[in-house]
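The values are calculated or read from the model by the stated rules, or taken from the named source; none is laboratory data. Fair warning: this is a prediction, and the values are worked out from it, not measured in the lab. Cβ: placed from backbone, ideal geometry, glycine included. Neighbour counts: every protein chain shown. Heavy atoms of the whole protein, side chains included, go into the accessibility calculation; ligands, DNA and RNA do not. Shrake-Rupley method; radii C 1.70, N 1.55, O 1.52, S 1.80 Å.
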Amino acid sequence: GIQVEQSPPDLILQEGANSTLRCNFSDSVNNLQWFHQNPWGQLINLFYIPSGTKQNGRLSATTVATERYSLLYISSSQTTDSGVYFCAGGNNDMRFGAGTRLTVKP
Amino acid sequence: DTAVSQTPKYLVTQMGNDKSIKCEQNLGHDTMYWYKQDSKKFLKIMFSYNNKELIINETVPNRFSPKSPDKAHLNLHINSLELGDSAVYFCASSLYLTVTEAFFGQGTRLTVV
């Protein structure tokens, strides 16, 4: 099956800082999503982005399908951005990366 | 009007018991999934169903049996529970099997004592 690699595994930021999270896939995928798992364990959909660029407020994502990677940008981070960020993708299924644990300090 | 709902949210049970987790989606989606999240937060697909038909069975022990009475429901039954089954189980759904966004339930935290 498809392997999904996320980096960095852990990230600590000061409030207001920007960050970039990366997701690499071992093969081409037809669907690709970014999720935020908040401290209460909920998986929140951030972006469905099999290709191209999308923006939603302080968050944006870019997927370069031909090179099998996706990037999640967080600008002006806030303490509420803390949690684990997952990318997931596949073809007839959806495989998850191990996640990036983000801690934003006030 | 929760899109994907799971019950119960918490489940504490003894080793050897049999338990079920229910999942329902009101999005009109064709495909539903079960994922297991372990203590290190890794999310692993267990099963997927498309229109009540099993598509993926990801080397899950036979003690785990999914049941889909209709395309809006995918329940997970677990026999002879073991300590290692303790985890958070997530149900999800997507419109089609491919190329569509998936939505997750709130998770069921199963603790086997």
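Checking each residue in the range B:58-94 for being of a type in the set (Gly, Ala, Ser), in a strand (DSSP E or B) and surrounded by fewer than 19 Cβ atoms within 10 Å (Cβ to Cβ) picks out B:65, B:68.
What do you reckon, is residue B:44 without any contact (Cβ under 8 Å) to a residue 24 or more places away in the chain and over 12 Å from the mean Cα position of the chain (by Cα)? Spelling it out, it is not the case that residue B:44 is without any contact (Cβ under 8 Å) to a residue 24 or more places away in the chain and over 12 Å from the mean Cα position of the chain (by Cα).
Restricting attention to the range A:61-98 and to residues that are assigned to a loop (DSSP other than H, G, I, E, B) and under 13 Å from residue A:20 (Cα atoms), the residue that is nearest to the other protein chains (Cβ to nearest Cβ) turns out to be A:77.
What tally of residues in the range A:81-106 results from selecting those that are open to solvent by 30 Å² or more (accessible area, probe 1.4 Å) and at pLDDT 95 or above?
To start, the set of residues in the range A:81-106 that are open to solvent by 30 Å² or more (accessible area, probe 1.4 Å) comprises A:91-92, A:95, A:98, A:101, A:103, A:105-106.
Next, only the ones that are at pLDDT 95 or above stay: A:98, A:101, A:103, A:105-106.
The qualifying residues number 5.
Just checking, does the range A:27-43 include any residue being open to solvent by 40 Å² or more (accessible area, probe 1.4 Å), modelled with pLDDT of 95 or more and either hydroxyl-bearing (Ser, Thr, Tyr) or not in a loop (DSSP other than H, G, I, E, B) (or both)? Within the range A:27-43 (the criterion being open to solvent by 40 Å² or more (accessible area, probe 1.4 Å), modelled with pLDDT of 95 or more and either hydroxyl-bearing (Ser, Thr, Tyr) or not in a loop (DSSP other than H, G, I, E, B) (or both)), the answer is no, since none of the residues qualifies.
Inspect the range B:6-24 for any residue being within 9 Å of chain A (Cβ to nearest Cβ), in a strand (DSSP E or B) and open to solvent by 30 Å² or more (accessible area, probe 1.4 Å) and give the result as yes or no. I'd like the intermediate steps shown before the answer.
Step one: of the range B:6-24, the residues within 9 Å of chain A (Cβ to nearest Cβ) are none.
There is no residue in the range B:6-24 that is within 9 Å of chain A (Cβ to nearest Cβ), in a strand (DSSP E or B) and open to solvent by 30 Å² or more (accessible area, probe 1.4 Å).
Exactly one residue out of B:95, B:83, B:110, B:76 is under 18 Å from residue A:91 (Cα atoms) and more than 8 Å from chain A (Cβ to nearest Cβ), and it is B:95.
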